[in-house]
Amino acid sequence: MPWYRKLHWQIIIGLVLGLVFGVVAAAMGWNEFVADWIAPFGTIFINLLTLIAVPLVLASLITGVASLADLKKLSRIGGKTIAIYLATTVIALIIGLAVVNILQPGKTVPEDMRDRLQQTYQEDVETRTGIAEEAKERGPLQPLVDIVPGNFFESASSNRNMLQVVFVAIFLGIGLLLIPKEKAKPLIAIFDSLMALVIMLVEIIMLTAPVGVFALLAGTITSIATGGLAGILELLTALGYYCIAVILGLAIHTFVTYPVLLKIFTPKSLRNFFPAIAPAQLVAFSTSSSGATLPVTMEVAEKNVGVSEEVSSFVLPLGATINMDGTGLYQAVAAVFIAQTLGLGLDIGAQITIVLTAVLASIGTAAVPSAGIVMLVIILEAVNIPSAGIALILGVDRILDMCRTVTNITGDLTVATIVASSEGQLHAPPHGPHYDPVDSIEEAFEEAQGIG
Ligand code: ASP
C-alpha cells in the first residue's frame, strides 16, 4: 500500500490541509462559510467519538474488574496508577515553573496591549470566574461527593461526568466479582459483547478522521481569527513569548520526561512507542478533548503498544479524567505569566502553593476543551492574583489547549505502559506499532461474508 493511503498519514495530511485552509479562509474573510459548511463535519466527528466514550468506559471497566482474580489486584493496580499519575503531574508542574521563571515571558508584554487585552476579554472573564466561583464555594469534601452520582443516567448524559461513570463501572464490576459465577455470567457476556461492538465502531469512526481533523482545524482557526488574520498576528506577537514558554514546557515533558520513564520502567522501544500512539495524539490535538480522544487512546494502547485490556480499561479512563500533566503545566506557566505581566512578585511560598493547587486543579479539570482555564481561576485566587488576569491569555488559549491535550493523553498512555509492564501485562502489539483499522475492518467484512 502506498504511504499516503495509510490512515495515520491521511490524518496528518488532513491536519496540515485544515491548517492551511483555515489560515487562507481567515485571510479571505470566509469565516461564515467555514462555520456553516466545514466546521459541522468536525463537530460530527467529535460527537461520534464522545457518543461511544461512555459505553466504552462502562463496558471495558465492568468486564475488566469482573474478570480480575481478586480485589487485591484491583487495589494494587489502582494504588500504583494513582501514585504514578500524581508523581508525573508534579514533575510537569516543576518543569512549567522552571521554564516560566527562566524565560520570564510576562516581562515582554507592552503596556498598551495589556490594557487592551483586559478590556477585550472582560465579559468572557466574568462568565469563567463565575463558574470557578461556584466550584469554590462548595465544601472541601464536595469533589468526593461529586464522584458518586445519585442517578447514573444523569452522569452518563454528559462527558464532563466521566469520573462518575468510572466510579459506577468499578462499583458494578466489584459487585459482579462477588456474586455467584453463574449469576454474573450473562451480564458479563453482555458487556463483553458491547465492548467488541464499541471497538469496531471506533475503527469505523477513525476512517473518517482525516476529514474530521481537517474540518476541526479549519473551523478552529477561523473562529479564533474573527478579527481577521492581522488581529491574530498582533495577539501572537504580544503573547508569542508566553506561548513559546508553554509549548517548550509541554515539549520537554512529552519528549524528555515520558521517554526517560519508559526507558527506566519498561522494555518498550521509543521508536515504536511514538508512532504507535501518534493517531491518538493527532486526534487529541484536533479535538482538544481527552474525553473525546479516549476511545482512540484505548485502541492504540491495546492494539499498537501492547498494553493488556485489563490494564488499559482501568488506567486509561481514569487517566483521561484525573491525569492532566499538560493542563497542570500550562496552569503553572499561565499563573506566573499573569503575575509577571501585572507586575506582581511571587515568592517561593506562592510558587509551592501553585504546585499544590495546580495538582488538585488538574485532577478536577474536565476532559473537554478549555476546561483548564476555568480551573486556573482557582489557582490565581490561591496566590492572590486578580482572576481578571485571565483576560490576558484567553485569546491564545485554544491553541495551547490543543497542545496541552496532546501531553495529557501521552501521559495517560505512558503510565498505562509502565503499569502494564510492572504487572507483566505488556505484550508484543497484536497489530504492530502502526495503527490501521482498515485491515481489521476488511478482515471483519471477509469473516462476515464467509459466515453469510
Ligand atoms: N482540553 C483539556 C483536555 O481535555 C483540558 C484543558 O486543559 O482544558 O485534556
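Where a number appears in this text, it was derived from the coordinates with a stated rule and is not lab data. All of these numbers come straight from a predicted model, not from anything done at the bench. Cβ placement follows ideal geometry from the backbone for every residue including glycine, while neighbour counts extend to all protein chains displayed.
I'd like the distance separating the alpha-carbon centroids of segment 290-352 and segment 359-412, in whole Å. Centre-to-centre distance over Cα atoms comes out at 10 Å.
Computing Rg and the Kirkwood Rh from the Cα coordinates of segment 297-380 gives a ratio, Rg/Rh, of 1.13. The mean sequence distance of close C-alpha pairs (under 8 Å, at least 6 residues apart), as a share of the length of the chain, puts its relative contact order at 31 percent.
Helix screen, the chain: DSSP H segments with Cα axial length of 27 Å or more and mean Kyte-Doolittle hydropathy at least -1.0 are 7-28, 39-66, 71-103, 181-207, 228-252, 397-422. Here's the list of aspartates and glutamates a cross-link from Lys183 could span, going by alpha-carbon distance under 17 Å and ignoring same-chain residues fewer than 8 apart: Asp192. Within straight-line reach of Lys6, meaning a Cα separation under 25 Å, sit the following lysines at least 8 residues removed in sequence or on another chain: Lys268, Lys303.
For the chain, report the % of Cα-Cα distances exceeding 35 Å. Let's see the in-between values first.
Working: 30562 of 101926 pairs.
Of all Cα-Cα pairs in the chain, 30 percent lie more than 35 Å apart.
Using a Cα-Cα cut-off of under 24 Å, which lysines could be cross-linked to Lys107, ignoring same-chain neighbours fewer than 8 residues away? Cα-Cα hits under 24 Å: none found. Placing +1 on each Lys and Arg Cβ and -1 on each Asp and Glu Cβ, with no other charges, gives the chain a dipole about its Cα centre of roughly 1000 debye. Measuring how big segment 42-122 is from its alpha-carbon positions, Rg and Dmax come out at 22.4, 64 Å.
Once the gyration tensor of the Cα atoms in segment 339-452 is diagonalised, the equivalent ellipsoid follows with semi-axes of 44, 19, 11 Å, ordered largest first.
One quarter of the convex hull surface, Cα atoms only: what value does that give for segment 35-80 in nm²? Show your work: numbers first, answer last.
Numbers: hull surface 17.9 nm².
Mean projected area for segment 35-80: 4.5 nm², to one decimal.
For segment 158-262, divide the Cα radius of gyration by the Kirkwood radius and give the resulting Rg/Rh value with two decimals.
Numbers: Rg = 22.8 Å, Rh = 19.2 Å.
When Rh is taken as the Kirkwood radius, the ratio is 1.18.
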